[in-house]
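J.: The following block contains the structure, expressed as structure tokens.
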Amino acid sequence: MTTALGGCPTCGTNIEAGQRFCGECGAALSSNAPTEFSRVATIVTSDLQGSTALGERLDPESLREVMTTYIDEMRAVFEQHGGTIEKIIGDAIVAVFGLPTAGEDDALRAVEAAAESQRALTNLNNVLEQRWGVRLVVRTGVATGQVIVGEASAGQHVLTGPTLTVATAMEQNSPPQEVLLAESTYEAVRDAVEVEQMAEVTPKGTTFAIPSYRLVAVAEHEEAEAAVAESPGRVCATCGSDVAEDSRYCTNCGSELTERRVHRETRKTVTVIFADPKPSTLDGSALNPESLRDVMSRYFAGMQRALEQHGATVEKFIGDAVMAVFGLPIRHEDDALRAVRAARDMQDALPALNAAFEAEHGIALANHIGVNTGEVVAGDASLGQRLVTGDIVNVAARLEQAAGSREILLGPLTYRLVRDAVQVDEVEPLTLKGKSEPVPAYRLVSVRDARAAVQRRAETPMVGREQEMDGLRGMLTRATDERGCRLATVVGDAGVGKTRLVSEFTAISSNTARVIRGRCLPYGDGITFWPVRELVRDACGASADDPGDAVEAKLRATITDADVADRLLTIVG
């Protein structure tokens, strides 16, 4: 029998003994409520090779069908052996054995699943070759050890720890269509497997070499009745705790309890950001796992703030990779510009983070970022996760890999969409893995203020709209003759030419009237007076980069009435 301890201080819901978080609103019930926990688990990382070239050969729908067929097949194999698909990005799958519920044979079940996935892929390739003329090549790595699960926000969590790095290193060094086991996994299953010892592997960012073993065979054994003990009720997918049927949040870890939903696949143009912090120590020594865990959790939190402020959908954080999509679930006309601004904010947030990381842990982050725009087919191909499939996802990842420290590389379509709002350095076309032709790329130098994004030069003459233009000219004439204000609101469906009409009218009117511009931002904090601020800055010739004293001097030189100037200065900050 549980004992009620009163109400949640945030929403008033009754709280039972032992609760760390409110099941209704997710609020922490004490200042020391844990935000992370450690668990021994086995990680299987499986990466599809050649997906970039595959994207060039197939149209988005065919590529989507191939990828969905592959991922669904792999998911069925991993889940059949008790694993949890933790992440699917593009062509990479990360499966975890031991979360949310741990079992004594997690490592063996992971190895069995990895071996079964290779057999399933052989059969699947016969189908794919017959229907689409393609065959998939996959490398798989397995590692066992401590993983740290920490909350990034409600409904998300950060998965970190050296085990993820080791599993990735095993995958990257695995022969094609093979499974490579780390020593930690081999020691746990050595009595049940046949292996061939391979060369030692040095994980990225470390100096220690780890013995590796190519999986040859798994001994047959009598399967247990249940790989994981079943819970009598609902179970939190993050920490494995039992939760009440009517709870919205886990009372142990605070994660949002979401049900899998069926999403209709859609074809959309989105912008994808890939970022890799590439942590390293200042003295060149090996990274300390505890220090790295703290650094990565704080890095993810900082990057998430920058991304979500601009409307991104951020994927779950695993290891050291960050991926975000602009245009899902809601598409905006300025998704590409939002993504570029978010990438810039991510880099701007890094110096303060690095200063703290260097002082506390002797660790610095480089943050390589790639941004790419294009068409994808979007849907839901894992446990409640979005999946975007298309060539642009792979190219975004390749751009990130090609970017230097603290650099942002833009793909060709991204640049074309934002060229009036950014300053870039054109780089030599990149020879990217899997691409038959070099890919144009642009190094971001700066992002201009919002006005530049809407002052694009018209390259073709405007046709029609005589009636609307006459109406606007008439209003301007009356305002001039009567020396009084007139308000015109241009309304129409997206894409009919509202911006172009206003641009043409203001261009013509600038011969007889002074035109100043202000724009309402579609998102962000502290934007109530943004259009007024832009109008004032435009009127007095102040740029977005001008310091406060320069703006004040220009404003007072333009507005001779001191009281009016004081009020306007208050508005523009």
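J.: If you take the residues in the stretch 184-218 that are assigned to a helix (DSSP H, G or I) and more than 16 Å from Ala114 (Cα to Cα), which one is modelled with the lowest pLDDT?
T.: Filtering first and then ranking leaves Asp191.
J.: Next up: So is Asp538 outside any loop (DSSP other than H, G, I, E, B) and loosely packed, with under 13 Cβ neighbours inside 10 Å or not?
T.: Numbers: outside any loop (DSSP other than H, G, I, E, B): yes; loosely packed, with under 13 Cβ neighbours inside 10 Å: no.
Against the criterion (outside any loop (DSSP other than H, G, I, E, B) and loosely packed, with under 13 Cβ neighbours inside 10 Å), Asp538 does not qualify.
J.: Can you name the number of the only condition in (1) more than 25 Å from Thr68 (Cα to Cα); (2) among the hydrophobic types (A, V, I, L, M, F, W, C); (3) at pLDDT below 80 that Val262 fails?
T.: Here Val262 clears every test but (1).
J.: Name the residues in the stretch 287-310 that are among the hydroxyl-bearing types (Ser, Thr, Tyr) and either under 23 Å from Ala209 (Cβ atoms) or surrounded by fewer than 22 Cβ atoms within 10 Å (Cβ to Cβ) (or both), would you? Quick ask: steps written out before the conclusion?
T.: Pass one, the stretch 287-310, residues among the hydroxyl-bearing types (Ser, Thr, Tyr): 291, 297, 299.
Residues satisfying the conditions are Ser291, Ser297.
J.: Let me ask you something else. Taking the conditions exactly as written (outside any loop (DSSP other than H, G, I, E, B) and either loosely packed, with under 12 Cβ neighbours inside 10 Å or within 43 Å of the chain's Cα centre (by Cα) (or both)), does Thr499 satisfy them or not?
T.: Yes; evaluated as a whole, the condition is true for this residue.
J.: From Glu61, Glu36, Glu116, which residue is modelled with pLDDT of 80 or more and open to solvent by 40 Å² or more (accessible area, probe 1.4 Å)?
T.: Selected residue: Glu116, the only one of Glu61, Glu36, Glu116 that is modelled with pLDDT of 80 or more and open to solvent by 40 Å² or more (accessible area, probe 1.4 Å).
Conditions tested, residue by residue: (1) free of Cβ contacts under 8 Å to residues at least 40 places away in the same chain; (2) surrounded by fewer than 13 Cβ atoms within 10 Å (Cβ to Cβ).
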{"site": "Gly484", "(1), (2)": "yes, yes"}
{"site": "Leu487", "(1), (2)": "yes, yes"}
{"site": "Ser503", "(1), (2)": "no, no"}
{"site": "Ile508", "(1), (2)": "yes, no"}
{"site": "Val532", "(1), (2)": "no, no"}
{"site": "Ser543", "(1), (2)": "no, no"}
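Conditions tested, residue by residue: (1) farther than 18 Å from Ala110 by Cα; (2) of a type outside the set (D, E, K, R); (3) over 28 Å from the mean Cα position of the chain (by Cα).
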{"position": "Pro175", "(1), (2), (3)": "yes, yes, yes"}
{"position": "Glu178", "(1), (2), (3)": "no, no, yes"}
{"position": "Glu183", "(1), (2), (3)": "no, no, yes"}
{"position": "Ala188", "(1), (2), (3)": "no, yes, yes"}
{"position": "Val193", "(1), (2), (3)": "no, yes, yes"}
{"position": "Ala199", "(1), (2), (3)": "yes, yes, yes"}
{"position": "Thr202", "(1), (2), (3)": "yes, yes, no"}
{"position": "Ala209", "(1), (2), (3)": "yes, yes, yes"}
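J.: Please verify whether the stretch 328-335 includes one or more residues that are among the hydrophobic types (A, V, I, L, M, F, W, C) and either in contact with a helix residue (DSSP H, G or I) (Cβ under 8 Å, 6 or more places away or on another chain) or outside any loop (DSSP other than H, G, I, E, B) (or both).
T.: The answer is no; no qualifying residue exists.
J.: Got at least one residue in the stretch 458-474 being farther than 25 Å from Ala542 by Cα, at pLDDT 90 or above, among the hydrophobic types (A, V, I, L, M, F, W, C) and within 27 Å of the chain's Cα centre (by Cα)?
T.: So far as the stretch 458-474 goes, no, none of its residues is farther than 25 Å from Ala542 by Cα, at pLDDT 90 or above, among the hydrophobic types (A, V, I, L, M, F, W, C) and within 27 Å of the chain's Cα centre (by Cα).
J.: Somewhere in the stretch 267-277, is a residue open to solvent by 30 Å² or more (accessible area, probe 1.4 Å), out of contact with any His (no Cβ under 7 Å at 6 or more places or on another chain) and either closer than 30 Å to Gln19 by Cβ or modelled with pLDDT under 75 (or both)?
T.: Scanning the stretch 267-277 turns up at least one residue that is open to solvent by 30 Å² or more (accessible area, probe 1.4 Å), out of contact with any His (no Cβ under 7 Å at 6 or more places or on another chain) and either closer than 30 Å to Gln19 by Cβ or modelled with pLDDT under 75 (or both).
J.: Kindly evaluate Ala494 against the criterion of being closer than 29 Å to Met469 by Cβ, modelled with pLDDT of 85 or more and either more than 39 Å from the chain's Cα centre (by Cα) or in a loop (DSSP other than H, G, I, E, B) (or both). Outline the logic, then answer.
T.: Numbers: closer than 29 Å to Met469 by Cβ: yes; modelled with pLDDT of 85 or more: no; either more than 39 Å from the chain's Cα centre (by Cα) or in a loop (DSSP other than H, G, I, E, B) (or both): yes.
It is false that Ala494 is closer than 29 Å to Met469 by Cβ, modelled with pLDDT of 85 or more and either more than 39 Å from the chain's Cα centre (by Cα) or in a loop (DSSP other than H, G, I, E, B) (or both).
J.: Here are some residues: Glu358, Glu333. Which one is among the acidic types (Asp, Glu), in contact (Cβ under 8 Å) with a residue 24 or more places away in the chain and either farther than 30 Å from Gln146 by Cβ or buried (at least 22 other Cβ atoms within 10 Å of the Cβ) (or both)?
T.: Glu333
J.: Another one. Would you call Glu151 of a type in the set (Asp, Glu), modelled with pLDDT under 75 and in contact with a Cys (Cβ under 8 Å, 6 or more places away or on another chain)?
T.: Criteria met by Glu151.
J.: If you take the residues of the stretch 315-327 that are of a type in the set (A, V, I, L, M, F, W, C) and either part of a loop (DSSP other than H, G, I, E, B) or open to solvent by 10 Å² or more (accessible area, probe 1.4 Å) (or both), which of them is modelled with the lowest pLDDT?
T.: Residue satisfying both the conditions and the ranking: Ile318.
J.: For the stretch 78-113, which residues satisfy the criterion of being part of a helix (DSSP H, G or I), open to solvent by 10 Å² or more (accessible area, probe 1.4 Å) and free of Cβ contacts under 8 Å to residues at least 60 places away in the same chain?
T.: Result: Glu79, Gln80.
J.: Does the stretch 386-419 hold any residues that are at pLDDT 90 or above, open to solvent by 20 Å² or more (accessible area, probe 1.4 Å) and of a type in the set (S, T, N, Q), and which are they?
T.: Ser405
J.: Could you list, in sequence order, all residues of the stretch 134-143 that are open to solvent by 30 Å² or more (accessible area, probe 1.4 Å) and either at pLDDT below 85 or in a strand (DSSP E or B) (or both)? Let's see the steps before the verdict.
T.: Just the residues of the stretch 134-143 that are open to solvent by 30 Å² or more (accessible area, probe 1.4 Å), to begin with: 135, 137, 139.
Once the filter is applied, which keeps residues that are open to solvent by 30 Å² or more (accessible area, probe 1.4 Å) and either at pLDDT below 85 or in a strand (DSSP E or B) (or both), the stretch 134-143 yields Val137, Arg139.
The values are calculated or read from the model by the stated rules, or taken from the named source; none is laboratory data. Being a predicted model, the structure only gives us computed values, none of them experimental. With ideal geometry, Cβ positions are generated from the backbone for all residues, glycine too; neighbour counts draw on all protein chains shown. Areas reflect the complete protein model, heavy atoms only, side chains present, ligands, DNA and RNA absent. Shrake-Rupley method; radii C 1.70, N 1.55, O 1.52, S 1.80 Å.
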